[in-house]
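Take a look at the structure set out below.
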Amino acid sequence: MTNRPFGVLYIGVTADLIRRAYEHRTGAVKSFSKRYNLARLVYFERHEEIRMAIAREKAMKKWRREWKVELIETANPGWNDLYDEIV
């Protein structure tokens, strides 16, 4: 999630991406994402097992910002909001 292209980045894991993205978009939960208005879903990955998703999240949180931006740019060069694609 982000607030704008090349803006603040948030990485998280969830079993229900639609619900969680909606919560971010509406600010329904008082959190880091609400404080920085992180309402734009610009990248996501699907994993068959939650433990694999958690391992990927932990690894990505240790990445340099440049690597995260490069991943987003490769998959979504326009930094488009992907929420409509998942609902």
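What is the number of the single condition among (1) in contact with a helix residue (DSSP H, G or I) (Cβ under 8 Å, 6 or more places away or on another chain); (2) at pLDDT 95 or above; (3) hydrophobic (A, V, I, L, M, F, W, C) that Val87 does not meet?
Among (1) in contact with a helix residue (DSSP H, G or I) (Cβ under 8 Å, 6 or more places away or on another chain); (2) at pLDDT 95 or above; (3) hydrophobic (A, V, I, L, M, F, W, C), the lone unmet condition for Val87 is (2).
With the requirement that a residue be among the small types (Gly, Ala, Ser) and outside any helix (DSSP H, G or I), what does segment 14-31 give you? Walk me through how you get there before you give the answer.
Let us first name the residues in segment 14-31 that are among the small types (Gly, Ala, Ser), namely 15, 21, 27-28, 31.
Hits for segment 14-31 are Ala15, Gly27, Ala28, Ser31.
Within segment 32-56, can you find the residues that are touching a Gly at 6+ places or on another chain (Cβ under 9 Å), outside any loop (DSSP other than H, G, I, E, B) and buried (at least 16 other Cβ atoms within 10 Å of the Cβ)?
Ser33, Arg40
Looking at Pro5 and the list (1) touching a Gly at 6+ places or on another chain (Cβ under 7 Å); (2) in contact (Cβ under 8 Å) with a residue 60 or more places away in the chain, which single condition is not satisfied?
(1)
So Asp81 ticks every box in (1) charged (D, E, K, R); (2) surrounded by 13 or more Cβ atoms within 10 Å (Cβ to Cβ); (3) free of Cβ contacts under 8 Å to residues at least 12 places away in the same chain but one. Which box is left unticked?
For Asp81, the failing item is (3).
Restricting attention to segment 25-78, report how many residues are among the hydroxyl-bearing types (Ser, Thr, Tyr) and over 16 Å from Met1 (Cβ atoms).
In the first step, residues of segment 25-78 are kept if they are among the hydroxyl-bearing types (Ser, Thr, Tyr); the result is 26, 31, 33, 36, 43, 74.
From what is left, the residues that are over 16 Å from Met1 (Cβ atoms) are 74.
The total comes to 1.
The values are calculated or read from the model by the stated rules, or taken from the named source; none is laboratory data. No experiment lies behind these values; they were computed from the predicted model shown. All Cβ positions, even for glycine, are placed from backbone atoms using ideal geometry, and neighbour counts span all protein chains on display.
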